[in-house]
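Take a look at the structure set out below.
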């Protein structure tokens with residue numbers, strides 16, 4: 001990522017404070033009607049109709065192994081629609097934060113001791129009061145091909 | 001300038017494809033002046049335009065080609081394999097130069113000297129003799145004053161000059177840049193050609209020779225110059241032809257427009273959206289009982305349908321477009337393999353959606369390559385099989401039941417089911433028992449199994465065992481199907497069944513517990529409703545597997561709910577259920593659903609990468625209410641659940657049925673010289689003969705007898721079983737069973753022909769030793785049924801493989 005481009009769309013997921021490069025974010029949507037896809041990988045919540053385009057909605061809590069929220073909270077989750085080289089996807093998150101403009105000097109590499117699955121993160125920004133972890137949508141999609149479907153073979 | 005270049009590239013590519021086609025046709029009909037003129041015109045246009053665009057390498061290459069074409073056109077050289085070869089090479093070279101230009105905007109470093117040299121070599125083919133004759137001709141030209149010949153002579157000189165003056169080409173360009181825009185050039189091309197000729201004619205009346213750079217300027221100014229006084233008949237004919245075709249192409253350009261494929265795709269997408277919006281409005285207006293809204297929405301409905309149809313039509317292209325390159329490919333391949341193959345195409349005007357066309361292109365090419373490489377036998381083999389030396393590949397495209405079918409058939413060797421099975425056994429794909437149960441038709445399907453190729457040798461063409469499986473996946477991806485028919489020795493037919501269009505398809509909307517799913521209508525056969533109080537009686541189970549009796553046949557059932565991880569007991573008796581009867585590969589099965597709604601036109605949307613690996617779904621669509629519904633991939637569903645895995649079981653049952661039907665097989669009972677009784681299927685017996693022993697002749701490979709002007713090789717069962725050798729008796733009559741297979745005949749010598757009996761095929765068991773097809777118990781005795789194929793193979797081996805490949 002280039003030094004000068006440090007605008008992030010931030011969001012909350014449980015205790016996590018995460019950001020996605022604003023360039024990759026297409027839009028933010030309120031909770032949408034979801035179509036369940038049987039036998040999909042567990043992190044796929046379903047499909048949403050985005051003005052005629054069908055978009056896969058990914059449960060970020062599941063993907064990042066954050067304790068799942070209850071059903072009512074699930075219904076309230078917001079969509080961050082992201083463009084990737086593999087097409088458009090929607091990430092389901094608990095709450096949307098501000099778009100933050102962060103100087104590149106605050107960037108730090110990921111600590112090696114990170115307890116979450118770090119595959120999807122690229123770096124950390126040392127904000128004054130807290131840390132922002134940068135999520136890379138491309139990496140999420142890169143893993144999608146490997147994601148096992150939950151279908152059971154008879 | 002860029003636009004001009006682009007236009008030039010597009011047109012040249014197209015024209016070159018046509019050149020390929022024309023050249024191949026020309027090789028067959030060397031007298032086809034129209035085609036020759038077409039080729040000439042294309043090369044001439046490219047030459048002219050490249051000069052204008054300053055592409056000197058391409059210009060000089062096409063110039064040489066033009067000289068050769070000119071000779072062909074004037075009839076001074078007959079079109080031959082050699083000329084076709086170099087001209088095809090020329091087309092390839094030009095193509096590769098064009099793609100260089102396309103990539104970089106400039107000519108590449110490769111100036112294809114080899115091709116030029118080859119053409120020159122052909123041009124100089126007869127060496128000095130040729131030049132001598134040309135000189136002679138030139139003299140005669142001046143005497144006879146025949147313009148065409150004269151022109152040719154002059155052009156030759158021109159070529160010479162050109163060569164010398166290549167460095168001065170720049171001047172040429174300076175002059176030609178004042179020429180009209182490229183469009184005009186194209187339209188006027190034939191006139192140009194004509195003008196040049198007349199121009200040359202005009203020049204020819206003057207003995208003095210103008211340097212070439214002036215020639216162009218004259219060509220330009222000489223448009224209005226006098227026509228030749230009385231051109232000889234062939235030239236006049238040519239001109240007429242070129243004029244008419246010119247006119248028709250002009251008309252075409254007036255009534256048709258080039259449209260960017262991307263734009264078409266975008267339009268299609270928009271229409272898709274529109275269809276969805278219409279569906280919503282229609283649904284909405286059915287709730288609202290407002291006459292004006294109903295009227296408006298009905299109008300919208302009609303218009304949308306028409307628009308959809310129109311855009312779809314715009315995306316249709318004749319199948320011939322992807323077949324254009326086939327003759328050339330077949331020619332090149334068959335030449336390199338030393339085979340003679342003719343290709344016949346029918347229904348090339350049949351139209352297909354262009355996205356589908358792209359998907360079908362590779363499978364089609366693959367199958368044709370296979371036919372050339374493995375299907376059609378080498379000429380020697382064909383001769384031995386009494387087939388015409390020239391193999392035939394037929395490609396037929398036609399509409400049938402809302403689908404486009406493309407059939408590729410060859411009259412080659414056909415697929416060898418036994419070898420397929422053996423191969424499958426070797427590779428451990430199936431065990432012997434499964435293979436034995438497999439019907440021939442199923443065995444043919446083995447070629448779609450990855451990693452199974454029956455080609456004996458891996459050639460650079462095919463035989464690596466990758467391919468047919470890819471062909472099948474390609475076809476299935478677009479909701480198409482592929483079928484094979486093959487008969488040994490007579491050839492193979494592949495039939496590709498392709499849906500008309502992909503984007504918008506009619507589908508049946510069904511529901512399980514709550515969710516909606518769309519089933520493409522293409523795979524639907526019928527719907528059966530089972531009332532709730534009848535469910536228990538009508539849905540039976542066979543060892544746990546639910547089935548339904550549909551007109552006497554057992555229909556295996558799959559519960560959609562269960563498959564998709566829902567309620568495992570689909571037919572709890574609270575609700576009527578529906579059985580959606582779906583056509584699988586060979587067999588129907590029933591999909592049990594909770595509810596069935598309307599059929600609807602749905603727009604197929606692809607699933608994201610995350611969901612591609614789920615075999616149950618072919619895509620998704622948006623329903624009238626804006627909800628997303630998944631489109632079921634019925635084939636994938638059936639395969640995953642294993643309904644079709646059971647096809648071997650069912651095949652077993654089918655075979656039983658078949659046996660039950662043709663229960664009795666007529667067999668000939670005979671006693672061999674060893675005193676053993678054998679049986680032989682009467683269907684394989686051509687005649688029973690008696691020959692005087694004295695007529696038997698011995699040749700190196702065994703005993704033969706003259707029979708109906710042919711040599712009938714004689715074989716004895718003892719040779720098959722290696723229990724001894726047979727010598728003909730000195731005198732007396734010899735009983736011979738004449739067996740035939742695929743036009744070949746052999747004579748089986750026997751001691752006695754006993755009887756013809758009917759053997760129940762149910763009593764037959766597979767033979768345990770080589771040469772025995774089956775064993776049966778007939779009238780209390782065990783009889784071995786001879787494997788006639790083994791007899792033929794043995795004889796063939798003895799005769800050094802000439803009898804049968």
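The values are calculated or read from the model by the stated rules, or taken from the named source; none is laboratory data. Since this is a predicted model, take the numbers as computed values, not measurements. For neighbour counting, all protein chains shown are included, and Cβ atoms are generated from backbone atoms with ideal geometry for every residue, glycine included.
Looking at the stretch A:1-19, is at least one residue outside any strand (DSSP E or B) and within 14 Å of chain B (Cβ to nearest Cβ)? Within the stretch A:1-19, not a single residue is outside any strand (DSSP E or B) and within 14 Å of chain B (Cβ to nearest Cβ). If you go through the stretch A:53-74 and pick out every residue that is at pLDDT 85 or above and away from every other protein chain (no Cβ under 14 Å), you end up with 1. None of A:60, A:92, A:47, A:100 is more than 21 Å from residue A:119 (Cα to Cα) and buried (at least 22 other Cβ atoms within 10 Å of the Cβ) except A:47.
The stretch B:481-543 holds strands (runs of 3 or more DSSP E) entirely within its bounds, and those carrying 3 or more residues that are over 18 Å from residue B:597 (Cα atoms) map to B:481-487, B:491-499, B:539-542. When the stretch A:20-35 is limited to residues that are surrounded by fewer than 20 Cβ atoms within 10 Å (Cβ to Cβ), outside any strand (DSSP E or B) and in contact (Cβ under 8 Å) with a residue 24 or more places away in the chain, the one that is farthest from the other protein chains (Cβ to nearest Cβ) turns out to be A:22. Only a single item in (1) over 44 Å from the mean Cα position of the chain (by Cα); (2) modelled with pLDDT under 85; (3) within 30 Å of residue B:387 (Cβ to Cβ) is not met by residue B:744, and it is number (1).
Identify all residues within the stretch B:395-409 that are under 14 Å from residue B:319 (Cβ atoms) and in contact with a strand residue (DSSP E or B) (Cβ under 7 Å, 6 or more places away or on another chain); write none if there are none. Before you say what the answer is, go through the steps one by one.
Filtering the stretch B:395-409 down to residues under 14 Å from residue B:319 (Cβ atoms) leaves B:395-400, B:403-408.
Listed by number, the residues that qualify are B:395, B:396, B:397, B:398, B:403, B:404, B:405, B:406, B:407, B:408.
Going by the conditions given, is residue B:524 surrounded by fewer than 19 Cβ atoms within 10 Å (Cβ to Cβ), closer than 22 Å to residue B:576 by Cα and in contact with a helix residue (DSSP H, G or I) (Cβ under 9 Å, 6 or more places away or on another chain)? For residue B:524, the condition - surrounded by fewer than 19 Cβ atoms within 10 Å (Cβ to Cβ), closer than 22 Å to residue B:576 by Cα and in contact with a helix residue (DSSP H, G or I) (Cβ under 9 Å, 6 or more places away or on another chain) - is met. Looking only at residues in the stretch B:308-320 that are buried (at least 16 other Cβ atoms within 10 Å of the Cβ) and part of a helix (DSSP H, G or I), the one that is modelled with the lowest pLDDT is B:312.
Would you confirm whether any residue within the stretch B:587-598 is within 14 Å of chain A (Cβ to nearest Cβ), buried (at least 18 other Cβ atoms within 10 Å of the Cβ), part of a loop (DSSP other than H, G, I, E, B) and at pLDDT 80 or above? Checked the stretch B:587-598: no residue is within 14 Å of chain A (Cβ to nearest Cβ), buried (at least 18 other Cβ atoms within 10 Å of the Cβ), part of a loop (DSSP other than H, G, I, E, B) and at pLDDT 80 or above. Each residue in the stretch B:601-618 was checked for being touching a strand residue (DSSP E or B) at 6+ places or on another chain (Cβ under 6 Å) and farther than 19 Å from residue A:58 by Cβ, and 5 pass. Hey, any hits in the stretch B:14-25 for a residue that's out of contact with any strand residue (DSSP E or B) (no Cβ under 7 Å at 6 or more places or on another chain) and in a loop (DSSP other than H, G, I, E, B)? No: the stretch B:14-25 contains no residue that is out of contact with any strand residue (DSSP E or B) (no Cβ under 7 Å at 6 or more places or on another chain) and in a loop (DSSP other than H, G, I, E, B).
Is it true that some residue in the stretch B:405-412 is crowded, with 20+ Cβ neighbours inside 10 Å and modelled with pLDDT under 80?
Narrowing the stretch B:405-412 to residues crowded, with 20+ Cβ neighbours inside 10 Å: B:406, B:408-412.
With the extra rule that they be modelled with pLDDT under 80, the set shrinks to none.
No, the stretch B:405-412 contains no residue that is crowded, with 20+ Cβ neighbours inside 10 Å and modelled with pLDDT under 80.
Of all residues in the stretch A:36-52, those that are more than 7 Å from chain B (Cβ to nearest Cβ), touching a helix residue (DSSP H, G or I) at 6+ places or on another chain (Cβ under 9 Å) and closer than 30 Å to residue B:278 by Cβ total 2.
For the stretch B:512-556, the tally of residues that are in contact (Cβ under 8 Å) with a residue 40 or more places away in the chain and under 30 Å from residue B:628 (Cα atoms) stands at 21.
Of the residues making up the stretch B:255-289, those that are assigned to a helix (DSSP H, G or I) and surrounded by fewer than 11 Cβ atoms within 10 Å (Cβ to Cβ) are B:255, B:262, B:263, B:287.
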